[in-house]
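The values are calculated or read from the model by the stated rules, or taken from the named source; none is laboratory data. If you're wondering where the values come from, they're calculated on a predicted model, not measured in any experiment. Reconstructed Cβ throughout: ideal geometry from the backbone, glycine too, with neighbour counts over all protein chains shown. The area values use the complete protein model at the heavy-atom level, side chains included, leaving out ligands, DNA and RNA. Shrake-Rupley method; radii C 1.70, N 1.55, O 1.52, S 1.80 Å.
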Amino acid sequence: MAVMSKTRKLSLALALVSLAALGITLVRGWSSAVASGQAQSLDSDTLFFVSGSQPAIQRMRANDPERLAEQAASVAAETVQIDANQRFGAMCEISGMHGSPDGRWIAVDVNCEAGAHTLLLEASTGRLRPAEPDPWRESFFLNWTPDGDAFLLRVDPGGDDLTLLVNARSGRFTQMDTPLFTYDAVLSPNLPAQAGGERVLYAVSRGLGFGSEVWVMDRSGQNRERIIHDPAHVIAYPRWSPTGDAIAYIRMPDSNVPFTVGELLLTDGDGRNARVVAQADAGHGYPPVWSPDGQQVAFVVRENPEDGAADIAAPYLESNIHLVEAATGRVRAVTRFEGALVDGPTWSPDGTWLAFSTDSSDSGQAGGVFDVWLVEAAGGEARRVTRDADARWPVWLPGERR
Amino acid sequence: MRTFRRPSTGRILAIVAALLALTAVGSDAPVGASSAFQQSTRFLSPPYYGTSEVTSVFDHELPLYGSDDGNSWTMHYTGVKDGAGARSSYDQHRGIDYWLRYEPVRAAASGAVAQAGWANPADHRASYGLHVRIDHADGFRTIYGHLSVLRVQQGDAIPFLANEFQRIIGISGNTGLCYGWEGTGPSGRCTDNDPPSCGAHIHFQLEHNGRVENPYGWVGPFADPWAQRPDGAVSVDRWLSHPSITNSDVFPADPPLSFPPIVLDEPGYVAVDDGSAGFAENPAGCWTVDNTTGWDGDYRYRSVPGGDCTATWNFPQDQPAGYHHVFVHVPNDDVALSVRNATVDAARYTIGHTVSPSQPQAKQSDVAVVNQWAYPNRYHTSRWVYAGTYYFDSNEFGTDYVRLESQVLDSAGTLAADAVRFAPAVYPVPQQTYLPLTMKQWPPIPTTPLLNPIDNPSGGPDYTISWSTAALADTYTLQEASEPSFAGAVTRYSGPQTWLDVNDQPPGTYYYRVKAANAWAESGWSNVQSVTVLAPVGWQTIAAQDFEGASLAPWIAWDDNGATGGEYTWGQRTCRPYAGSYSGWGVGGGAQGAALSCGSDYPHNANSWMIYGPFDLRAAIAGDIGFKLWLYTESYTDPVFYSASVNGTNFYGYIITGDSQGWVDKALDLSNVPTLGSLMGQPQVWVAMVFSSNGSIAYPEGAYVDDVVVRRCFQEPCSSEGSSAVDSFPGMWQAPAERHLYWLAPDSLKTEPGP
């Protein structure tokens, strides 16, 4: 039964974006940024997140997470204001951010009532622009390339349904040789030569009731091999570890129930030897997140699987973040909120901390607005970074010193 | 690999096809029937039944995303900007939103289903959510967004001249990114103070050759701005019949579609139960009545195939004529899937009905196939299953009915005949609907259980294995293996529990995995957990028996020739203890043995067994059974037999007779058993102590044993003491069958007769 008395506010509503407004504010940038015209690395580790009822992307230096947490809510942040208009007409929201491995870019998911788009934020300057080669086309961001120079984008889903490899700096793109109904794709890390060099992993589903398949191929489209065929499940977010020797993914029922409980699986780097390691939230779009050293995977676990309301309404989710050690399969919780929605885990560049967002208050009660928190991956108390900021989707980018 | 046990996949597909082919005869001619000739102008009919309300109009001033005009207003198709009130919209809206709460959505024209599923299969919050795209002739495509249930799959056809039942593509809802106007948040936004169903509507979108257009066209006094956009097109009124809307000042509206879809518990329904006045069975008594469950407490059933038996539910003559939705009751309680009363997966209901109100004398029949076995289930929790909508007349001559016919079934199982409900088709359409959509989720595959880490920090031989409960699971199978590849794995548990206590496990590393199952399918194997049992140093006692306890357990004692000649078994007696107060007398137990006084002669024809086992010697390097023996018997004929077995029936060991001259140590080295050789490595071993006498001379007392110890050793030191063979002969006995004695040596004793 739904917990109807819960006063958690629908942060989605507060994070509305006017794409029209985005159109005229995309080049505002950080106040301190030097407009060099080229993407540069940051000079320090930096934490980014989306905040505010008129959404803005904020950044703060985050070389010293301990200090960042101690000075919760008082650390100076820079802002790129997304000039959301005051009207409640635009049915869009920012629904995720994805930092590039080289720390130079952030892809921003813009989810709309009738379509989806992707923005590209230049981390050093704060410049924001559409990521699609044709900005009127819908798109879903898929993944960054391992070097961070380019990203994979699903363009025109349901129409031409293309998978494009887009250069972040120039916007030039090439079309990947993926079939119709490809809903996810990722490029392999620099695998050892004996593993066949650079490979592309992609997931395909013809729709509800058909399950899904996962294939790997050369970047040229040659040497295709189907590594998973699951007629009853959707394979969500297959992700290679940074070393390429393992793949993590969420296996979720192929169902018309929007939000369910799935399973986190790990396989060898070639997709074989799949083993279930934990139950994981499914349907909300939370991918497994590898630690920088490829030893651990952070993922979101649903804490209220018995709540039918949470099966059909995303805000009713109660969750926590867990970690699994890839080598042993040992799972442990790193956050222990009760009745709160916890999501968006992102690793610090050195892999010792996790940033995430939750609507839990200081007293542990759900129902507040979302804020960004930190927790040591080794364990310990979660610490607040923002306060009543309606802040979500943290991204932690490495600075030049790394 | 999953195993779908029943029905076969082919059968499932056939059932799905049959369900989708269900005919709701009685509707008017298809509304908005389209043709290729019409498609270039007007070809759309309403995407829903009844009357709705437009909550967001098409925005003709849609700015080019991310670049140019930056406006935040909307432009109605009249050219008026910033619509308010009745012309509500939102910036960049590329379709029409109709307020439709969990009601059937129909294809606006014939075509082929190009896509039916989630906008993003991995992220169900995204965009249109669960949606359908249909390709029509001449490059047109319609999109139906935010549905909650799909009734079509990619590749399905919406036939030209499809009847209304074939037109329904799903149920509206609020999936994907979906805001509603009835919420309690700002400007009617849904918050979690609102029901999770808040915001349900359909987003209806029309595309022509990949460019979006307003299906209502453009009537503004200047050129349509939208038509100039890269993804825009000239908008033309494409409606053959405009959808009925209450805010008809926004768009033209036509009368609502008059054929309502399926509804639940609408006023005026009447149920005809089996056994009631409106029910008839033919021949009489061909159904078995079950009064334990079913609608109104009973139902009928029979096994099929076989027999020629019908059940008929007549349309009540006192019910006003009209269109009625027909529901059949499936008497499966909300119990485990494997325990169902109705198991036929293709029950054929024949519906005799009137063709139309204008032809009251014209009758026809249709068939609805219902998978009784599938209902209820997690997606269709009601036992009432929709079987179509038909026009029923007064039924004066018994022409309007629902009939279940056993002889035309092509499936096997238990066929149930329970109640039938006739529900008048009325407006307005309630929120809930019945549709045979369940097959999308069939068979119900259990989720994979999660095996918990095994806690055994000391490396001891006892630990507990546990796993999570799996949804839809009835039973679990736990495998154990000594290799991570699970080569040579054995099933350690099969049943409904979610744990297993493992005891006395030999040293080694063990790997476990578990899977769930129900009557139809199995899950995949779970994650693997391992546990290591460390090898203890020196001898480990497996079982000891000093006869000082209240019983011989866990040893089992019996007289192998029963009560013949009296019942004499091993018994705890004080007559001649080696240590403590008791020892085991070979004939001192049992009905007659317990009555023997100390010092009595042992009886003739005794056959007294005492067995312990099985125990595990897989990782052992040594093992033995040692004991104290006091023996005074007739030489060669009245022996004590101490032995071991690897199957619990054939025991091999040593036979000793005669006078031991008091208490002596005896032992059987389990690494050197007669005939069997070493038992090290055996997973199951039994040991036995037998006292036997023939029918001739009997001596006083016979045999006592005391301080019996069964041991094994996994790690040195484990040197053995004592000797087995001294004064003994090897032999083999069988137990617990009738006494058989096969002397292996000496040969002279092989002639010893059995009982």
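Numbers below:
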quantity	calculated
Which listed residue, of A:ARG251, A:ARG275, is under 22 Å from B:SER127 (Cα atoms), in the same structural domain as A:ASN320 (by TED's automatic domain parsing), open to solvent by 20 Å² or more (accessible area, probe 1.4 Å) and modelled with pLDDT of 90 or more	A:ARG251
Qualifying positions in segment B:546-566 - of a type in the set (Gly, Ala, Ser) and touching a Phe, Trp or Tyr at 6+ places or on another chain (Cβ under 6 Å)	B:ALA557
Listing of strands (runs of 3 or more DSSP E) fully contained in segment B:359-450 that carry 2 or more residues being open to solvent by less than 30 Å² (accessible area, probe 1.4 Å), more than 14 Å from chain A (Cβ to nearest Cβ) and at pLDDT 80 or above	B:384-392, B:401-405, B:413-417, B:420-424
Any hit, segment B:619-641, residues being of a type in the set (Asp, Glu), farther than 24 Å from B:ASN561 by Cα, in a strand (DSSP E or B) and open to solvent by less than 30 Å² (accessible area, probe 1.4 Å)	yes
Residue under evaluation B:ALA698, criteria (1) part of a strand (DSSP E or B); (2) open to solvent by less than 50 Å² (accessible area, probe 1.4 Å), criterion not met	(1)
Filter result for A:THR328 (surrounded by fewer than 22 Cβ atoms within 10 Å (Cβ to Cβ) and within 10 Å of chain B (Cβ to nearest Cβ))	yes
Per-region count, segment B:642-687, residues aromatic (Phe, Trp, Tyr) and touching a Ser or Thr at 6+ places or on another chain (Cβ under 7 Å)	4
Residue that is open to solvent by less than 20 Å² (accessible area, probe 1.4 Å), part of a loop (DSSP other than H, G, I, E, B), on the phi > 0 side of the Ramachandran plot and among the small types (Gly, Ala, Ser), where the choices are A:GLY344, A:GLY339, A:GLY294, A:GLY283	A:GLY294
Any hit, segment A:256-266, residues being polar (S, T, N, Q), surrounded by 24 or more Cβ atoms within 10 Å (Cβ to Cβ) and in the same structural domain as A:LEU201 (by TED's automatic domain parsing)	yes
Qualifying residues in segment B:268-312 (those that are aromatic (Phe, Trp, Tyr) and within 21 Å of B:PRO376 (Cβ to Cβ)) - the one surrounded by the most Cβ atoms within 10 Å (Cβ to Cβ)	B:TYR299
When residues of segment A:297-310 are limited to those that are surrounded by 21 or more Cβ atoms within 10 Å (Cβ to Cβ) and in contact (Cβ under 8 Å) with a residue 40 or more places away in the chain, the one farthest from the chain's Cα centre (by Cα)	A:ALA310
Any hit, segment B:169-191, residues being more than 21 Å from A:PHE259 (Cα to Cα) and at pLDDT 85 or above	yes
Where A:LEU201 falls short, out of the listed (1) assigned to a strand (DSSP E or B); (2) touching a Lys or Arg at 6+ places or on another chain (Cβ under 8 Å); (3) over 30 Å from B:VAL212 (Cβ atoms)	(2)
Looking only at segment B:117-158, and only at residues there that are among the charged types (D, E, K, R), within 19 Å of A:ASP254 (Cα to Cα) and more than 8 Å from every other protein chain (Cβ to nearest Cβ), the one that is surrounded by the most Cβ atoms within 10 Å (Cβ to Cβ)	B:ARG151
Answer from A:ARG226, A:ARG169, A:ARG272 - the residue that is part of a strand (DSSP E or B) and of a type in the set (D, E, K, R)	A:ARG226
Hits in segment B:608-647 (condition: farther than 26 Å from B:ALA535 by Cα and at pLDDT below 90)	B:SER635, B:TYR636, B:THR637
Residue selected from segment B:313-331 under the condition in contact with a Gly (Cβ under 9 Å, 6 or more places away or on another chain) and open to solvent by 10 Å² or more (accessible area, probe 1.4 Å), by the criterion farthest from B:PRO360 (Cα to Cα)	B:HIS329
Residue under evaluation B:TYR704, criteria (1) buried (at least 17 other Cβ atoms within 10 Å of the Cβ); (2) of a type in the set (Phe, Trp, Tyr); (3) at pLDDT below 85, criterion not met	(3)
Of residues in segment A:173-187 being within 14 Å of chain B (Cβ to nearest Cβ) and not small (Gly, Ala, Ser), the one surrounded by the most Cβ atoms within 10 Å (Cβ to Cβ)	A:ASP184
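Matching residues to (1) at pLDDT below 95; (2) surrounded by fewer than 17 Cβ atoms within 10 Å (Cβ to Cβ); (3) over 23 Å from A:ALA327 (Cα atoms); (4) of a type in the set (A, V, I, L, M, F, W, C):
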{"site": "A:SER220", "(1), (2), (3), (4)": "yes, yes, yes, no"}
{"site": "A:ASN223", "(1), (2), (3), (4)": "yes, yes, yes, no"}
{"site": "A:ILE228", "(1), (2), (3), (4)": "yes, no, no, yes"}
{"site": "A:TYR237", "(1), (2), (3), (4)": "no, no, no, no"}
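Residue-by-condition table, conditions (1) acidic (Asp, Glu); (2) surrounded by 23 or more Cβ atoms within 10 Å (Cβ to Cβ); (3) in contact with a helix residue (DSSP H, G or I) (Cβ under 9 Å, 6 or more places away or on another chain):
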position	(1), (2), (3)
B:ASN209	no, no, yes
B:ASN214	no, yes, yes
B:GLY217	no, no, no
B:TRP226	no, yes, no
B:VAL234	no, no, yes
B:SER241	no, no, no
